[in-house]
Structures are given as C-alpha cells and as structure tokens.
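As structure tokens, the structure follows; a few thoughts come after it.
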C-alpha cells in the first residue's frame, strides 16, 4: 500500500476511533494551522524545548585506542519499537566523550534522521532501561527528555502520529537520499498534555497496542503455517507424485529420498536444450519500456514475480544473445539470494538477464517448465542448495553445479497432472494467506490510528485507564 493510501486509510480509521472513545470536554485553537484544535489544557512546544537533542557521529569503525561498545544502528531503530539489552547489536568502539554523550539511558528516544525517501523518516524507538556501553550510532539522533517537560514513552508514541511526522517529511532535504538537519528536528511542533496525562495516555496505548500486537503475532503464525503447508504439498507432489498407492524405490540420493518406482533420476544437464548460460555483464542504466527488460536478482520477488518498480532495460543489440524464451528458468548463482529461481513467461514481455543469473532452457517434450519451477520450490531442492554450501563453504553455485542437479522425473503426462494439482492447491493456500495479510494490514492501520488519536488529543483516555 502506498503512503498516500495508508494515510487515507488511517484518517478513516481515526474517525472510527474518535467515534468509539470519549472526546475532551473543551478544545482551543492550537495556533498551528495544520494541527487545528487541541484539548484546551494542552501545550504546543518545539521539540528542542523539551529534549536534549544529540545527532550521533559514531560510525561503525573499530579503533584500538577507543573503548569497546555495542552500537545501536539505523536498522535496530527502524525495525524495533524498543531497544533492549538482549538485542544483538553490532560491536564497535567509541571515545569516552562519545560514550558520555550517546550512551543509552532509560527514557531516551532514538529517531532515524536519514532515509531513502522523505515519507519514511524520523522513525522512533524507545529505550526502557539504562544500557551500559550501548551507544547511539550514525544516521540516528538521540532525544533525551528534559525533566518535567515530557515523558520519553509518550514522546516515542507521538512520533507515530502522522500530523507530527508530516513535519519531518516536509523538512527532509535530498535527492537520492534524504536527511534531517538538527534544526529541522528541533523546530518540530509537539503536543504536550500534563505529565500525569502523558503517563495515562502511554499506559492506555501500551495496553491496547499489546493486544493488537498479540493478535498480529497469531496471524503471522497462521501465515507461517500456511507457507509450511504449501512447501510440504509441493515437496510431496514433485518427489512422490499424486498416487498414494504407487510403489516406491530408493532414488540413491540422500536429500531426494524414495521416489515412485516408475520415475527416473536425471541430471538437469540431460534435460536442457542448450548448455546453461550466464547472463550479460552490463550496467543497468536504461529504463526504456521499448527495450528488452533487463532482469537482475534484485528484480525477482520471493513469489516468483518481478518487481515493476525496479524495471531496467538493455538495448536490443546488447540484449540479443541473452533474450529469454517462454519456459526458461533463471537460477541465482551467488550471495544471499542463491538458489532463488524465476520462470519466464512471454507475458512478461521481451526480456534478457544479468550476469549473476544462469539460464536453463528445458527440453519441453520431456520436462515441463512448470514442473521444474515447482521442484525449485520444494524442501528437497533447498536441502540440496544447503548441502552444496557445506561442500564448497562459499555461497556460490556455478552453472556446472546447477547442471548436475538431480531431479526425480515422471512422465510428461504425470508432470502435467502434478502441475495442474499444484496450481490449484497453491492458489487456494495463497488466497487464504492473502486474506490473513489483509487482516494484519488493517490491524496495523487501526493501531496507528489509535496512537495518533490519543497523542493528538482527539480522544480522552482517562476513563479507559481508570477502568483497567
């Protein structure tokens, strides 16, 4: 979902939240146009007047003369609400002065001050406890609440409200990467109820978000179970077939196990029309839709589709030796994505492929491309990938190794039957998983709307806190 759609959905949900909870008895003009009306007893303050603002200058380098520390980095903040001592943090070094300034204390709030897009900046995390020798790293800013002005946990929640975060989106500068200056952070407006009310709001939000997060976790467990079921169904079908009564024989391959007696065990190179081929070693600079698409590892999604947002192309003359045909299968050969595959259909349009991919063109009279595509999504295939790493100790699988991959091969008629069955079964599971994902998205949107309504004074939660 795009940022615009997320905001529209949040506004709709926020109106639902407001209708569900009690509002404050009196409101006044905030004096800030985009904030509108706020509870009459709340203040509007610049961030720099309520926190000690400390943009970090600690990089990831290790210097022998400095003190060993653990570094809280950008991704630690971006992907976590809370920074705690049991997290796996990077080991680094810092000077005594840096430690004194940037060591994390209970109540601190850390925000990201740089991002690849302006609408994804000033993401916050909260520090619940003192963390000795854990320091705030580069690309982050440490906000230490001033005593009597603001509660850190409330400030952290306030960074989730769109009316607040929109200030940082507007203030961010950059072209390919965006950043916030110290003044842009410090000049942001924040809404401040009295301290006792800040604590009441955070207690309410802690309780409510915990309930929502627990529900989301259960939904994610369901999705994981569906994915496991999908893998199990595929693995059984491409190695045991569809007939539960078919006699089995030992394949002679440990990771393949027993296979139907009528199936063959064949190396992939004997099922190829032409030798396995590496892709073009060309820079991905063009994005002309009239040129052949240039498929790279980073374009291939986990579900076997292509990311349209990363479209690149090559001139026809350069692409010609690497043009794909319907049914071609691309194998990733190195790095974190090694083993990932992409089955090419002509519906993707004219396309070629990059050097870190290897093309396999099957003999379609004896190997159905869809069957082979499903085989590469089986647990057996990924066991082979893992065993190949153990043997070579390097995450790299060459064309020769892929060519020697052994598969269990049924007749072409049985391959069609298996592919048809798996198309139906995986579509059913994918539909269920998509529905659960949609539910998670709605829960996350409701969570954001609830936080925003509470920290901007749209709802009064005093009664909700006293009831609990």
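The values are calculated or read from the model by the stated rules, or taken from the named source; none is laboratory data. All values reported here derive from a predicted model rather than from experimental measurement. Cβ sites come from the backbone with ideal geometry, for glycine too, and all protein chains shown count toward neighbours.
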Filter the range 327-352 for residues that are within 23 Å of the chain's Cα centre (by Cα) and not in a strand (DSSP E or B); the one that is surrounded by the most Cβ atoms within 10 Å (Cβ to Cβ) is 333
- request: Evaluate the following for residue 198: is it crowded, with 20+ Cβ neighbours inside 10 Å, outside the structural domain of residue 381 (by TED's automatic domain parsing) and in contact (Cβ under 8 Å) with a residue 40 or more places away in the chain?
  value: yes
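Report yes if residue 283 is touching a residue at least 40 places away in the same chain (Cβ under 8 Å) and either over 28 Å from residue 386 (Cβ atoms) or outside any loop (DSSP other than H, G, I, E, B) (or both), otherwise no.
no
Matching residues to (1) within 19 Å of residue 139 (Cα to Cα); (2) at pLDDT below 95:
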{"position": "17", "(1), (2)": "no, yes"}
{"position": "31", "(1), (2)": "no, yes"}
{"position": "44", "(1), (2)": "no, no"}
{"position": "56", "(1), (2)": "yes, yes"}
{"position": "63", "(1), (2)": "no, yes"}
Picked from the range 401-419 (must be part of a helix (DSSP H, G or I), touching a residue at least 60 places away in the same chain (Cβ under 8 Å) and out of contact with any strand residue (DSSP E or B) (no Cβ under 6 Å at 6 or more places or on another chain)), the residue surrounded by the most Cβ atoms within 10 Å (Cβ to Cβ) is 418
Subset of the range 132-145, residues more than 27 Å from the chain's Cα centre (by Cα) and more than 14 Å from residue 190 (Cα to Cα), comes to 132, 133, 144
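Would you check which residues across the range 98-112 are touching a residue at least 12 places away in the same chain (Cβ under 8 Å) and either outside the structural domain of residue 158 (by TED's automatic domain parsing) or not in a strand (DSSP E or B) (or both) and list them? Lay out the reasoning, then the answer.
Keep residues of the range 98-112 that are touching a residue at least 12 places away in the same chain (Cβ under 8 Å), which gives 98-99, 101-112.
Result: 98, 99, 101, 102, 104, 105, 106, 107, 108.
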Among strands (runs of 3 or more DSSP E) entirely inside the range 47-97, those with 2 or more residues being touching a residue at least 60 places away in the same chain (Cβ under 8 Å) and in contact with a helix residue (DSSP H, G or I) (Cβ under 9 Å, 6 or more places away or on another chain) are 51-55, 67-72
Within the range 157-178, residues being in contact (Cβ under 8 Å) with a residue 60 or more places away in the chain and either in contact with a strand residue (DSSP E or B) (Cβ under 7 Å, 6 or more places away or on another chain) or buried (at least 20 other Cβ atoms within 10 Å of the Cβ) (or both) number 7
